[in-house]
Amino acid sequence: MIKEIKGLHHVTSMAADARQNNKFFTDTLGLRRVKKTVNFDEPGVYHLYYGDEVGTPGTVMTYFPFAHMMRGRPGVGEVGETQFSVPKGSLASWKERLAAQGATDLEVDTTFGSDRLRLQGPDGDGFALIETPDDTRTPWTGAGVSENAAIRGFSGARLRLHDIAATAELLGFMGYERAETEGNVTRYVIPGGNGADTIDLEALPQAAFARQGAGSVHHIAFAVEDRAAQLKVRKALMDTGYQVTPVIDRDYFWAIYFRTPGGVLFEVATNEPGFDRDEDTAHLGTDLKLPTRYEPYREKIEAQLVPLTD
Ligand code: ZN
């Protein structure tokens, strides 16, 4: 069994409009943009990262905004809900704030004993704010969100699957422990995690497969401390029969990817070196950062990107 995984590292999704995406995460949810770079495989597209002050693993929501991309069609084989941790008693103020900004699809319920506010992102993205007692992570308090309401980071993610058995087995191998089942959703928790500790598996045997597009989660990444831990995880997964990519340098972390039995793309990313490797903490997310190989094409790349408003 793998013991190196410490919860989620980041969640990466797709959007249709970079400015709208930036505004939603910074102005509406009050996160900090911690990096403005490009999709390393398609440098004419931004890769935007939002999180706490320094982009601590377990807080980082990232986006590829492909201009005018069609919306995804929700279904199985994908992450259906990305869950953010907020303090106990804060949902009423969030509901008010989101409604004041025009959100109309807000639903409050209870899940695994916690109050949850479900909301949609600009492209119909499935999000939830979950009241989590005793989350000791220090939040970023941007855009007038008070410290007693601000997002602490992810609490976890909910995956929609035809059948949960094979993914459940994989999570067990990755070090997750089965917690409770509520209806058709079973919760798995990583012991000793970074706060982004839960993965919920939702069984939907009759549902159609998702079609990825704007508003869809592209992949979820799990955190490991360093490259040595990542190599251990890679070997363990490959010894179990998973097809895992070689280690890829993403400038701010090292990444490996593998497709899970239920269809969801998983990544394992290192906590090192972090987002302050090429900008100081005070200016994270300000300038357009390019991987070295694209620097010679900076002017051309910048011309393809819409300027963000801040
Ligand atoms: Zn990733």
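No lab work stands behind these numbers, since they all come straight from the coordinates. A quick note: this is a predicted structure, and the numbers were derived from the prediction, not measured. With ideal geometry, Cβ positions are generated from the backbone for all residues, glycine too; neighbour counts draw on all protein chains shown.
Return the ratio Rg/(2.2 N^0.38 Å) for the range 136-181, where Rg is computed over Cα atoms only. Display every interim value, and only then the final one.
On the way: Rg = 16.1 Å, N = 46, 2.2 N^0.38 = 9.4 Å.
Dividing the Cα Rg of the range 136-181 by 2.2 N^0.38 Å gives 1.71.
Per the Debye formula on identical point scatterers at the alpha carbon atoms of the range 173-245, with no solvent, log10 I(q)/I(0) at q = 0.12, 0.22, 0.25, 0.26 Å⁻¹ is -0.49, -1.22, -1.22, -1.22. Computed from phi, the 3J(HN,Hα) profile of the range 29-39 under the Karplus parametrisation 6.51, -1.76, 1.60 (θ = phi - 60°) reads 8, x, 7, 9, 6, 9, 7, 10, 9, 10, 4 Hz, with x in place of Gly and Pro. What is the distance in Å between the Cα centres of the range 105-158 and the range 180-224? One Cα centre to the other: 16 Å. Counting only lysines at least 8 places from residue 95 when in the same chain, those with an alpha carbon closer than 19 Å to its own are 23.
So if I place +1 on the C-beta of Lys and Arg and -1 on the C-beta of Asp and Glu, and nothing else carries charge, what would the dipole magnitude of the chain be about its Cα centre? I want it in debye, nearest 20. Mind dumping the intermediate values first?
Details: 33 positive and 44 negative charges, 95 e Å.
That gives the chain a dipole magnitude of about 460 debye.
Residue by residue, the range 198-210 carries 3J(HN,Hα) couplings of 10, 10, 9, 10, 9, 8, 9, x, 9, 6, 7, 5, 5 Hz when phi is fed to the Karplus relation 6.51 cos²θ - 1.76 cosθ + 1.60 (θ = phi - 60°); x denotes Gly or Pro.
Helix content alone sets the calculated 222 nm mean residue ellipticity of the chain: runs of n ≥ 4 DSSP H residues at -39500 (n - 2.57) each, divided across all residues, give -4000 deg cm²/dmol.
Just the projected area, averaged over all directions, of the convex hull on the alpha carbon atoms of the chain: how many nm²?
Working: hull surface 59.8 nm².
Projected over every direction and averaged, the Cα hull of the chain covers 14.9 nm².
Counted over the range 232-310 with a bin width of 5 Å, the fraction of Cα pairs per bin, in whole percents, is 3, 12, 17, 17, 15, 14, 11, 8, 3, 0.
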